[in-house]
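A short worksheet on the structure shown next.
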Amino acid sequence: MKLTLKVWRQKGHNDKGSLVEYQAKDVSPDMSFLEMLDVVNEGLIKKGEDAIAFDSDCREGICGMCSLVINGKPHGPELGTATCQLHMRTFSDGDTIVVEPFRARAFPPVKDLAVDRSSFDRIMQAGGYVSVNTGNAPEANANLISHHTAEKAMDAAACIGCGACVAACPNASAMLFVAAKVSQYALLPQGQPERAKRAMAMREAMDDEGFGNCSNEYACEAACPKDIKVENIARLNREHLRAMICSDE
Amino acid sequence: MTLKLDGKVPEGPIEKKWDNHKFNLKLVNPANKRKYDILVVGTGLAGASAAASLAELGYNVKVFCIQDSPRRAHSIAAQGGINAAKNYPNDGDSVWRLFYDTVKGGDFRAREANVYRLAQVSASIIDQCVAQGVPFAREYGGTLSNRSFGGAQVSRTFYARGQTGQQLLLGAYSALMRQVGLGTVEMYPRREMLELVVEDGAARGIVCRDLTTGKVESYAGHAVLLCTGGYGNVFYLSTNAASCNVSATWRAHKHGALFANPCYTQIHPTCIPVSGDHQSKLTLMSESLRNDGRVWVPKKKGDKRSPETIPEDERDYYLERKYPSFGNLVPRDVASRNAKQMIDDGKGVGETGLSVYLDFSDAIKRLGLDKIKEKYGNLFDMYHHITAEDPYKVPMRIYPAVHYTMGGLWVDYNLMTTIPGLFCLGEANFSDHGANRLGASALMQGLSDGYFVLPYTVGDYIARTKLEKIDGSHSEFARSEAGVAELTARLLGVQGHRTVDWFHRRLGKIMWDDCGMSRTAVGLESAIGQIRELREEYWKDVKVAGSADDLNQSLEKAGRVADFFELGELMCLDALHRKESCGGHFREEYQTPDGEAKRDDQNYSYAAAWEFKGVGKEPELHKEPLTFENVHLAERNYA
Ligand SMILES: Cc1cc2nc3c(=O)[nH]c(=O)nc-3n(C[C@H](O)[C@H](O)[C@H](O)COP(=O)(O)OP(=O)(O)OC[C@H]3O[C@@H](n4cnc5c(N)ncnc54)[C@H](O)[C@@H]3O)c2cc1C
Ligand code: SF4
Ligand code: FES
């Protein structure tokens, strides 16, 4: 396949960026999107040009490091798929593909397609944990947790922290990310002692980082590579309300 | 000065060693702990668990990782599960059996005392992770589920769908984030450690490059922990993440830390086969699939029929045939070597003939589609994404791929390297798996090292050692910083014709062909020559674009590949010197009449720890003899 790429290039945080056109030749349908970019980059390097910077690591859809907005969609056109698992067979010969970074106030640009998502880590620092020191744990089977509850908690815990939900949201809200974490712990007995405090603290941290509010657009769910459901947002809202009215934590 | 390797294994019967040792370790007064700075490099299971636990104890901790967030360390990708001797299924497991299986699985090339301790603390790991809210799979009655894994006849593997590593790492990461929030840990993401700083013979700091600004920075501390993972990417194609590298441990090796058993490499039997030259990585299909999938090839050579049209009696379920008691669950090295044999015999399947079938049709019939979906859904989806074939309908095609490196920095029982104050944890050290690691044991080891071993042993070091206060302005740091800047300038300065990836692919091919699944003296000698030539060419003809002072991923890679060249040579030397076959190290000259690995316990029952003497110079071999007082040395037999 032969493709035309329009890629966002931006030297650094304070520089102005723009879309630059590149030709990608000899693209195999079995390549992943990032492998296609690797080939383009090898060509650029040989010509002595600076390669296109983009983040990736595991290249199997689990580390959450890859990003990219491809033809207007975070992680590209295929549902439930991270960019690193998007294969070129999704595109056709002769296509023009526009590649941009995840954009949000709380994800400042680093270079080209790479952005800084450390705001997610700071939200986690505010309450995304169970306070249990090493050595302090009871016997693992002392608390029974139903199969159904464990599976539901696992559904929420599957979030890879990629930020596509934020990039897709017109308000750049991080509600789906926060809701996934709050839900995992709210569902499990281990999460109960800090349940109210956690919901309040993580939401507050989200606001402080400059993420927007949720106005029920559901764009987050559609972009999420791990199929995290918006029902988690409803749960987060309930948790937050519960914390405000009846918590003595 | 000749170096004497002392494993510091405590006295006493094996069941008592760790308890006795803990009692004898010196403690640091709680009020004093915050006066000590500990540098932790790496945030995988080993690094994140150690950093969080040390901070909980009161130390001042600084943590570094390459990725933009500590949550993205390569441990996140582990799929299948984590072992622990809980014996919940009541099927005869015990600390002793886990110990025994691990020593045997490692083909009797691990230090007994370390392995026993690992088995001993394994149960506490599960307790800790459950308390953190890790959503392990559960039975309908609410208790934890277990499954079995290769190399074991009991079900002792705990799992969270096919995302066990992710969930365990997020547990450790959340503990780490809590400490960052409390101000006890300072987190430095997008940093690459490029130099170890040794002062008065002790590890006192590191020099990093800030990967976004290119700034070279120094950090001083009282102890340094390398938790930097494995070096499988020396083969270019592996199941490892793109940034996995050897640079941190290699640069420590150049400062005097011995590197042990570098040739012990694990080739995982169930990976998605290579599809073309563009390929940047290989994807693992968890070994747990071998619980329900049956491995086979057509009996006839070159049989190109599609799998469903090949009748039962024309299929060779070769693992079940050759190893009736373990069947499809033989250890990884055995499964990989057998796949290679079938393919070398011309029985491989798929377009390239470079794969074997892993077939779920019987399991789907027996358990139903829903059950298989629940157990392996995400793995099947992943396979489907990559190959565009639906494994619910046609058998998966699999081929072995480089997956794990058992070798690493030599450490004593306290996980300290031969440089005082430099500790090494997780996959980066050489310790517990001998010549072959059993499935689901790496996660166990990483967390054992980080949660339950190191927090004790680092305290002992600090309590016993008088360390002057130093900071990054000390002259040794300036020297190291200059060295790092010079190396960067050198890489950018070559301005040759070929990309880093071009060289890396070449190196990988040499390693795979001659230091991979099976090795010969002739092949290894030729590989060493080829690596030396290619390394020289690298420094004359590599082309790195961009600058030193912003995010430059090709520059990062260039430094890592430079270290891989030196490591690759050492791996071949180690493989050449070990004139026996054991575990993942298979020398064609040394095999039993049935083609199994043949050890030579008389002459090679030791850990080979190499001392660096200069690039291209012969390294010096030090031997740590391995004695087996508790497990009877025997030929590994899985028939
Ligand atoms: C696909 C796959 C599946 C697996 N499945 C299983 C399984 O089911 N069960 C099991 O037990 N094991 C499994 N393993 C093995 C296991 O995942 C790893 O051995 C283990 O997670 C390694 O953990 P670690 O903490 O030692 O290192 P890693 O998780 O690799 O972490 C390394 C850390 O070091 C950092 N780092 C590296 N170099 C530098 C540097 N120079 N400067 C700064 N930071 C640096 C990285 O950023 C990262 O944070 C699997 C491995 C793979 C590849
Ligand atoms: S909720 Fe989905 S889109 Fe958002 S960070 Fe998690 S995995 Fe990514
Ligand atoms: S690179 Fe890890 S999720 Fe895409």
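Pairs meeting the criteria (first residue in region A:119-142 and within 7 Å of chain B (Cβ to nearest Cβ) and free of Cβ contacts under 8 Å to residues at least 12 places away in the same chain, second residue part of a helix (DSSP H, G or I) and aromatic (Phe, Trp, Tyr), beta carbons under 7 Å, at least 6 apart or on different chains) are A:THR134/B:TYR451.
Here is a yes/no grid of residues against (1) closer than 12 Å to B:MET406 by Cα; (2) assigned to a helix (DSSP H, G or I); (3) away from ligand 3 (no atom under 16 Å from the Cβ):
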| residue | (1), (2), (3) |
| --- | --- |
| B:ASP432 | yes, no, yes |
| B:ALA435 | yes, no, yes |
| B:LEU438 | yes, no, yes |
| B:LEU447 | no, yes, yes |
| B:LEU454 | no, yes, yes |
| B:THR457 | no, yes, yes |
| B:ILE462 | no, yes, yes |
| B:GLU468 | no, no, yes |
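Matching residues to (1) more than 11 Å from chain B (Cβ to nearest Cβ); (2) under 15 Å from the mean Cα position of the chain (by Cα); (3) not polar (S, T, N, Q):
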position	(1), (2), (3)
A:VAL27	no, no, yes
A:ASP38	no, no, yes
A:PHE54	no, yes, yes
A:GLU60	no, yes, yes
A:SER67	no, yes, no
A:GLY76	yes, yes, yes
A:MET88	no, no, yes
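The set of residues from region B:48-76 being surrounded by fewer than 24 Cβ atoms within 10 Å (Cβ to Cβ) and of a type in the set (Gly, Ala, Ser) comprises B:GLY58, B:SER69. Checked against the criterion of being more than 9 Å from every other protein chain (Cβ to nearest Cβ) and not basic (Lys, Arg), the candidates A:GLY72, A:GLY80 yield just one match: A:GLY72.
Residue-wise test of (1) surrounded by fewer than 24 Cβ atoms within 10 Å (Cβ to Cβ); (2) modelled with pLDDT of 95 or more.
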site	(1), (2)
B:ILE126	no, yes
B:CYS129	no, yes
B:GLU139	yes, yes
B:GLY150	no, no
B:PHE158	no, yes
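Take the conditions more than 9 Å from chain B (Cβ to nearest Cβ) and in contact with a strand residue (DSSP E or B) (Cβ under 7 Å, 6 or more places away or on another chain) and apply them to A:ALA186. Does it pass? No. Considering every residue within region B:382-402, establish whether at least one is over 11 Å from the mean Cα position of the chain (by Cα), more than 30 Å from A:THR83 (Cα to Cα) and in a loop (DSSP other than H, G, I, E, B). No, region B:382-402 has no match at all. Remark: A:ASN216 matches the filter, which requires a residue to be away from ligand 2 (no atom under 14 Å from the Cβ) and either closer than 21 Å to B:LEU170 by Cβ or not assigned by TED's automatic domain parsing to the domain that holds A:ALA106 (or both). The set of residues in region B:34-77 that are in contact with a His (Cβ under 8 Å, 6 or more places away or on another chain) and either in a loop (DSSP other than H, G, I, E, B) or free of Cβ contacts under 8 Å to residues at least 40 places away in the same chain (or both) comprises B:TYR36, B:GLY44.
Conditions tested, residue by residue: (1) modelled with pLDDT under 95; (2) out of contact with any Pro (no Cβ under 8 Å at 6 or more places or on another chain).
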site: A:GLY48; (1), (2): yes, yes
site: A:ALA53; (1), (2): no, yes
site: A:VAL69; (1), (2): no, no
site: A:PRO74; (1), (2): no, yes
site: A:ASP93; (1), (2): no, yes
site: A:ARG105; (1), (2): no, yes
site: A:PRO109; (1), (2): no, no
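Here is a yes/no grid of residues against (1) assigned to a helix (DSSP H, G or I); (2) hydroxyl-bearing (Ser, Thr, Tyr):
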position	(1), (2)
B:ALA110	no, no
B:ARG117	yes, no
B:CYS129	yes, no
B:TYR140	no, yes
B:SER155	no, yes
B:TYR173	yes, yes
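Conditions (1) within 20 Å of B:GLY151 (Cβ to Cβ); (2) out of contact with any strand residue (DSSP E or B) (no Cβ under 8 Å at 6 or more places or on another chain); (3) part of a loop (DSSP other than H, G, I, E, B), marked per residue:
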| residue | (1), (2), (3) |
| --- | --- |
| B:SER325 | yes, yes, yes |
| B:ALA335 | yes, no, no |
| B:LYS340 | yes, no, no |
| B:ILE343 | no, no, no |
| B:GLY346 | no, yes, yes |
| B:GLU351 | no, yes, yes |
| B:LEU354 | no, no, yes |
| B:LEU358 | yes, no, no |
| B:ILE372 | no, yes, no |
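Just one of the listed residues (B:GLY348, B:GLY368) is surrounded by 14 or more Cβ atoms within 10 Å (Cβ to Cβ) and farther than 21 Å from B:THR157 by Cβ, and it is B:GLY348. The residue list B:ILE398, B:ILE462 contains one member that is more than 8 Å from ligand 1 (Cβ to nearest atom), crowded, with 24+ Cβ neighbours inside 10 Å and touching a residue at least 12 places away in the same chain (Cβ under 8 Å), which is B:ILE398.
Yes or no, residue by residue, for (1) away from chain A (no Cβ under 14 Å); (2) more than 16 Å from ligand 2 (Cβ to nearest atom); (3) at pLDDT 95 or above:
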| site | (1), (2), (3) |
| --- | --- |
| B:HIS255 | yes, yes, yes |
| B:CYS263 | yes, yes, yes |
| B:HIS268 | no, yes, no |
| B:VAL274 | no, yes, no |
| B:LYS281 | no, yes, no |
| B:SER286 | no, yes, no |
| B:ASP292 | yes, yes, no |
| B:GLU308 | yes, yes, no |
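For region B:22-42, filtering for residues that are crowded, with 19+ Cβ neighbours inside 10 Å and touching a strand residue (DSSP E or B) at 6+ places or on another chain (Cβ under 6 Å) leaves 5.
For region B:62-85, what are the residues that are within 13 Å of chain A (Cβ to nearest Cβ) and over 16 Å from B:LEU443 (Cα atoms)? If the condition is that a residue be within 13 Å of chain A (Cβ to nearest Cβ) and over 16 Å from B:LEU443 (Cα atoms), then B:VAL63, B:CYS65, B:ILE66, B:GLN67, B:ASP68, B:SER69, B:PRO70 are the ones that fit.
For region B:160-169, taking the residues that are of a type outside the set (A, V, I, L, M, F, W, C) and either in a loop (DSSP other than H, G, I, E, B) or surrounded by fewer than 24 Cβ atoms within 10 Å (Cβ to Cβ) (or both), the one that is modelled with the highest pLDDT is identified as B:GLN163.
Taken over region A:171-213, the criterion of being free of Cβ contacts under 8 Å to residues at least 24 places away in the same chain and in contact with a helix residue (DSSP H, G or I) (Cβ under 6 Å, 6 or more places away or on another chain) is satisfied by no residue.
Selection of region B:338-374 for residues being more than 16 Å from B:LYS304 (Cα to Cα), in contact with a Gly (Cβ under 8 Å, 6 or more places away or on another chain) and of a type outside the set (A, V, I, L, M) yields B:GLN341, B:ASP359, B:PHE360.
Is it the case that B:SER243 is more than 16 Å from ligand 2 (Cβ to nearest atom), more than 13 Å from the chain's Cα centre (by Cα) and within 14 Å of chain A (Cβ to nearest Cβ)? Here the answer is yes, as B:SER243 does meet what is asked.
When we screen B:ASP370, B:ASP412 for residues that are within 14 Å of chain A (Cβ to nearest Cβ) and on the phi < 0 side of the Ramachandran plot, the only hit is B:ASP370. With the condition kept exactly as written, say whether any residue in region A:222-232 is part of a helix (DSSP H, G or I) and within 30 Å of B:ILE125 (Cα to Cα). Yes, region A:222-232 has at least one match.
Could you pull out the residue among A:VAL166, A:VAL230, A:VAL178, A:VAL182 that is over 20 Å from A:ARG122 (Cβ atoms), touching a Leu at 6+ places or on another chain (Cβ under 9 Å) and within 16 Å of ligand 2 (Cβ to nearest atom)? Before the answer, list the steps.
On the way: A:VAL166 fails: over 20 Å from A:ARG122 (Cβ atoms); A:VAL178 fails: over 20 Å from A:ARG122 (Cβ atoms); A:VAL182 fails: over 20 Å from A:ARG122 (Cβ atoms).
The unique qualifying residue is A:VAL230.
The values are calculated or read from the model by the stated rules, or taken from the named source; none is laboratory data. Source: prediction; values computed, not measured. Methodologically, a virtual Cβ is constructed for each residue, glycine included, from the backbone with ideal geometry; neighbour enumeration extends over all protein chains shown.
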